[in-house]
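Here is the structure we will look at.
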Amino acid sequence: MAGGVRKAVQRKFKIRGYILKIEALEEILSFLTQFEDAEDEAIDLLLDEINTESLNSSILDKDSVHRVISRLLETNAAVEASPSSSNRSHFRIIDAFVIPKFCYDPIRKVFYEHTGKLQIHGDASAKAALYRNRFQLLFQRLCRDRHFAKPAFASELTHSGSGSCEVSPIQSLIGQTGRRWIMGVISQLEDGHFYLEDLTAAVPITSGFFVENTVIVAEGELLPSGTFQVNTCGFPPLEDRDESFALLGGLDFFGCGALSTEEKLRLLESEKKAVNDMFVILSDIWLDNEETMEKLATVLDGYENVEVVPSLFVLMGNFCSRPCNLAFHSFSTLRSQFGKLGEMIGAHPRLKEHSQFLFIPGPDDAGPSTVLPRRALPKYLTEELQKHIPNAIFTSNPCRIKFYTQEIVFFRQDLLYRMQRSCLIPPSTEETSDPFEHLVATITHQSHLCPLPLTVQPIIWNYDHCLHLYPTPDTIVLGDKSEQKAFNYTGITCFNAGSFSNDSTFAAYRPCTKEVELSAL
């Protein structure tokens, strides 16, 4: 047992007010050997159980610890042996429109869940709330960062810029001299003139970064003219996923229900054993293109003959080679083409029986509008396919999948091209010149899948939270027509499957090990 685990046990028990005898510590370390890579969760679970015990002393001996451990192991064995434990699928698909909405209260410094029905057509206040919620989500994260946290004892050094990066409200800059850090949204309040605004005021800026409507942290000085001259700027720093969860108090931002410590521990064990689970992701499946359908048949033939078939196929739009807009008059043809796709999948008995098929609409597919999030494909188009594949799932864009304890987000959008078109100035090439890596950094730091101006990509105001990436997910899967890429950024796996119809590319993902296989025919 590593010395780090021993120290972690002693530290956590000391925080809870317990002192461990040597024999009790050895008993706990022996228990933790059964939960490799999940020691922290096991320690927390053990402490929660000990707290329920009626103890005569805060000094724990071997007998009192052994009694609790035995009960935990018996409970875990009973859960695994119970037939009902298999009723819960190892992955759950979450439609964007059922994701709960949480707002931040800056006074109480807590998140609270929005209650009541969310209107698709919101009023003007819903649009203002969209920006306010985005800003407050990032600001509360920034305030916990050790570089930007407000110092406990103010001094002259604090305000000189040498000892702290405390963020100032924009309104407080009036009458102040010297360099200050501010956080705000890049806004075009006048045509051709960009401002940095927070919840208090706005100042014009002489330089900016990234896209209009993104939130940045800037260091600079307010000039006598009233313009804030930016010296340094960048995105709000990221927060570790585990730190976010520790502060959320069990709130379920992902949309599939919060897990108890005991259940999470059990799922982690099952997740390690799921080495055969694989997701195959294909984007741009043009059903009206013969060459695309022949290539898809080749892919399905290949996976039909492997030893263990993929557990999930994710087919992302567009499902037609031309936009399904007002000029599109071939919906009945498209319906029959979906039926032919169902026949093709049904001709592969092992895939039909053992694999799940998930369909996510693309930006030009049939639907009420191009606004995000997009509803699932209309039932009229998919009925013929479901006759052949009854368990096919049609969901929204974006959508989410919970794989045991992992959180995976799927998003079909030609995002890279649109971000490059909307960029105010080219991104810095100091760290990387790869556009995809810049894209990943942007959406993760902004905690938002599509931080584009609403004039470029409309979003349903009341459902903007469906595109939030907070806490950061384990994996982000993009369907983008740009070159397929994979990038691991601060522990977040992000990859683009590419365009199957255009360049015959697709991706395979093994969630157990977070391995990405970029493939092509």
Report task. Would you confirm whether any residue within the stretch 500-507 is open to solvent by less than 10 Å² (accessible area, probe 1.4 Å) and assigned by the TED database to the domain that holds residue 398? Result -> yes
Query - Number of positions in the stretch 27-47 that are part of a helix (DSSP H, G or I) and open to solvent by 60 Å² or more (accessible area, probe 1.4 Å) - result: 2
Query raised in the report: Got at least one residue in the stretch 208-220 being out of contact with any Pro (no Cβ under 8 Å at 6 or more places or on another chain), open to solvent by 40 Å² or more (accessible area, probe 1.4 Å) and of a type outside the set (Gly, Ala, Ser)?
Result: no
Query raised in the report: Could you count how many residues in the stretch 299-328 are surrounded by 20 or more Cβ atoms within 10 Å (Cβ to Cβ), among the polar types (S, T, N, Q) and either closer than 25 Å to residue 402 by Cβ or not assigned by the TED database to the domain that holds residue 476 (or both)?
Result: 0
Report task. Pick out the one residue from 268, 223, 247 that is at pLDDT below 90, in the same structural domain as residue 416 (by the TED database), over 26 Å from residue 311 (Cα atoms) and open to solvent by 20 Å² or more (accessible area, probe 1.4 Å). Result -> 247
Query raised in the report: Which is over 25 Å from residue 114 (Cα atoms), assigned by the TED database to the domain that holds residue 514, touching a helix residue (DSSP H, G or I) at 6+ places or on another chain (Cβ under 7 Å) and β-branched (Val, Ile, Thr), of 440, 456?
Result: 456
Query raised in the report: Within the stretch 436-477, restricting attention to residues that are free of Cβ contacts under 8 Å to residues at least 40 places away in the same chain and not hydrophobic (A, V, I, L, M, F, W, C), which residue is nearest to residue 397 (Cα to Cα)?
Result: 455
Requested in this report: Output the residue which, of all residues in the stretch 48-66 that are in contact (Cβ under 8 Å) with a residue 24 or more places away in the chain and part of a helix (DSSP H, G or I), is surrounded by the fewest Cβ atoms within 10 Å (Cβ to Cβ).
Outcome: 51
Requested in this report: Give the residues of the stretch 387-424 that are open to solvent by 30 Å² or more (accessible area, probe 1.4 Å) and either in contact with a Gly (Cβ under 7 Å, 6 or more places away or on another chain) or part of a strand (DSSP E or B) (or both), sorted by residue number.
Outcome: 387, 388, 393, 394, 423, 424
Report summary line: Picked from the stretch 131-144 (must be among the hydrophobic types (A, V, I, L, M, F, W, C) and touching a strand residue (DSSP E or B) at 6+ places or on another chain (Cβ under 7 Å)), the residue surrounded by the most Cβ atoms within 10 Å (Cβ to Cβ) is 138
Report summary line: If we keep only residues of the stretch 473-487 that are more than 18 Å from residue 447 (Cβ to Cβ) and out of contact with any helix residue (DSSP H, G or I) (no Cβ under 7 Å at 6 or more places or on another chain), then the residue least open to solvent (accessible area, probe 1.4 Å) is 479
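So that you can scan it fast, the table gives a plain yes or no per residue for (1) out of contact with any Leu (no Cβ under 9 Å at 6 or more places or on another chain); (2) among the small types (Gly, Ala, Ser); (3) closer than 25 Å to residue 311 by Cα:
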| site | (1), (2), (3) |
| --- | --- |
| 458 | no, no, no |
| 473 | yes, no, yes |
| 476 | no, no, yes |
| 482 | no, yes, no |
| 493 | yes, no, yes |
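The values are calculated or read from the model by the stated rules, or taken from the named source; none is laboratory data. None of the values given here were measured: they were computed from a predicted structure. Reconstructed Cβ throughout: ideal geometry from the backbone, glycine too, with neighbour counts over all protein chains shown. For the accessible areas, the whole protein counts, side chains as well, though only heavy atoms, and no ligand, DNA or RNA atoms are used. Shrake-Rupley method; radii C 1.70, N 1.55, O 1.52, S 1.80 Å.
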